[in-house]
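Below: the structure, in structure tokens.
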């Protein structure tokens with residue numbers, strides 16, 4: 001067991017892992033905000049987007065509260081996917097084990113997130129949100145994978 005921990009320590013970036021943990025706690029903390037507070041924040045973001053688009057002379061009615069909320073889900077899990085994959089694959093080996101661990105972590109966090117919301121007034125846990133969250137994390141991991149591969153390819157060129 002001790003050798004397993006030594007191996008893990010050599011393959012994981014502790015600072016990035018701590019950042020991943022703090023970001024997961026940030027996400028879970030947001031889920032503890034009652035529905036009224038969460039809704040107010042989403043509406044404020046929507047109104048700010050409307051104001052910006054209107055001042056630029058662009059259509060703004062398409063920016064809805066629903067769109068703001070779902071974009072927030074995707075974006076926060078996109079960030080989680082980036083930092084988790086960096087934490088678990090800091091040497092950019094793109095090993096199957098590191099990527100699998102990051103994927104499992106990025107599926108666990110939204111499952112807990114939506115479960116928390118089941119117990120908060122005015123909130124509801126939704127399987128669709130877990131899928132959206134996992135999509136955001138997966139998009140980030142795929143992007144990171146592609147960038148690492150591209151950088152390797154460019155570095156290998158004479």
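Quick check on the stretch 1-147: what are the equivalent-ellipsoid semi-axes from the Cα gyration tensor, as sqrt(5λ), descending, whole Å? Before the final figure, lay out each step's value.
Values: eigenvalues 216, 70, 28 Å².
Each semi-axis is the square root of five times an eigenvalue, giving 33, 19, 12 Å.
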Study note, to complete from the structure: Within the set 115, 75, 93, GNM on the chain using Cα springs under 10 Å gives the largest fluctuation to 93
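In square nanometres, what is one fourth of the surface area of the convex hull spanned by the alpha carbons of the stretch 74-158?
On the way: hull surface 22.7 nm².
With every direction weighted equally, the projected area is 5.7 nm².
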Review point. Which of 101, 138, 61 moves most in a GNM of the chain, Cα contacts under 10 Å?
Key: 61
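Bear in mind these aren't lab numbers, they're just calculated from the coordinates by the rules spelled out. Keep in mind the model is a prediction, meaning the values are calculated, not measured.
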